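Notes follow the structure.
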Amino acid sequence: MKKVVIIEDNTSLALAFKEVINATKELKVVGLYANAEDAITHFKQDGPDIVIMDIELPKINGIEATKILKDKKPSVLVLVITVYEDSETVFDALCAGASGYLTKNASSEQLVDALNELLSGGAPMSIKIARMVVDSFKKATSSILSERETEVLNLLSTGKSFKSIGEALFISRNTIKFHIKNIYEKLQVNSKEEAIKKANDQRLI
């Protein structure tokens, strides 16, 4: 049985989600919260496999809450459900660590399908949102970074360690450091976070 936490300030919608999820055999709602703060406080105790996250919440918004929960438990799957369909919000949610994204007009069947898809390693999205994400991730036609530098930065942006990057690209730790030094110089930044943000802004990764 997989555990689900719902963070949604619309009580009737949250209860509807709970009813749909608890009607399945594989999923059970273990927490229902109207704000991110309470969900974060009880997160360790609840130990969810999946979090259903609203974006527009009273204090800490869903994007920030996603970052916090992913830091606490990287394996947790976050399904963002919101009325927003603008590409910037979609992009921010995914960069924060959300694994899937649906709009609030999704049917009960679509919600359950999305949760099952998450658990099987997929990334469920509505068609409109999937198109936006594809557009957001289109790389710049000409990049100041070399192909190998782009590969290194891409892996860094997914949270990979130097060891993992070395194993994936068959290069040494010193070679990775050399590429990172070049990336910093080319992008005129001083940290990994700045490099990833600037490369995302310029659609280099």
- line: Considering residues that are touching a helix residue (DSSP H, G or I) at 6+ places or on another chain (Cβ under 9 Å) and either among the aromatic types (Phe, Trp, Tyr) or part of a helix (DSSP H, G or I) (or both), the number found within the stretch 158-181 is 13
query: Only one of (1) modelled with pLDDT under 90; (2) farther than 30 Å from Ile21 by Cβ; (3) surrounded by fewer than 16 Cβ atoms within 10 Å (Cβ to Cβ); (4) of a type outside the set (Ser, Thr, Tyr) is not met by Ile144, so which one is it?
result: (1)
- request: Output the residue which, of all residues in the stretch 172-205 that are within 18 Å of the chain's Cα centre (by Cα) and exposed (fewer than 14 other Cβ atoms within 10 Å of the Cβ), is nearest to Leu156 (Cα to Cα).
  value: Glu193
message: Can you say whether Ser136 is modelled with pLDDT under 90 and surrounded by 12 or more Cβ atoms within 10 Å (Cβ to Cβ), as far as the supplied structure shows?
response: yes
message: List the residue pairs whose Cβ atoms are under 9 Å apart, where the first residue sits in the stretch 70-95 and is more than 13 Å from Val51 (Cβ to Cβ) and modelled with pLDDT of 80 or more, the second is basic (Lys, Arg) and not in a helix (DSSP H, G or I), and the two are 6 or more positions apart or on different chains.
response: Thr82/Lys104; Val83/Lys104
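The values are calculated or read from the model by the stated rules, or taken from the named source; none is laboratory data. Given the structure is predicted, the values throughout are model-derived calculations rather than measurements. Because the Cβ atoms are built from the backbone with ideal geometry, glycine has one as well, and the counts that use them run over all protein chains shown.
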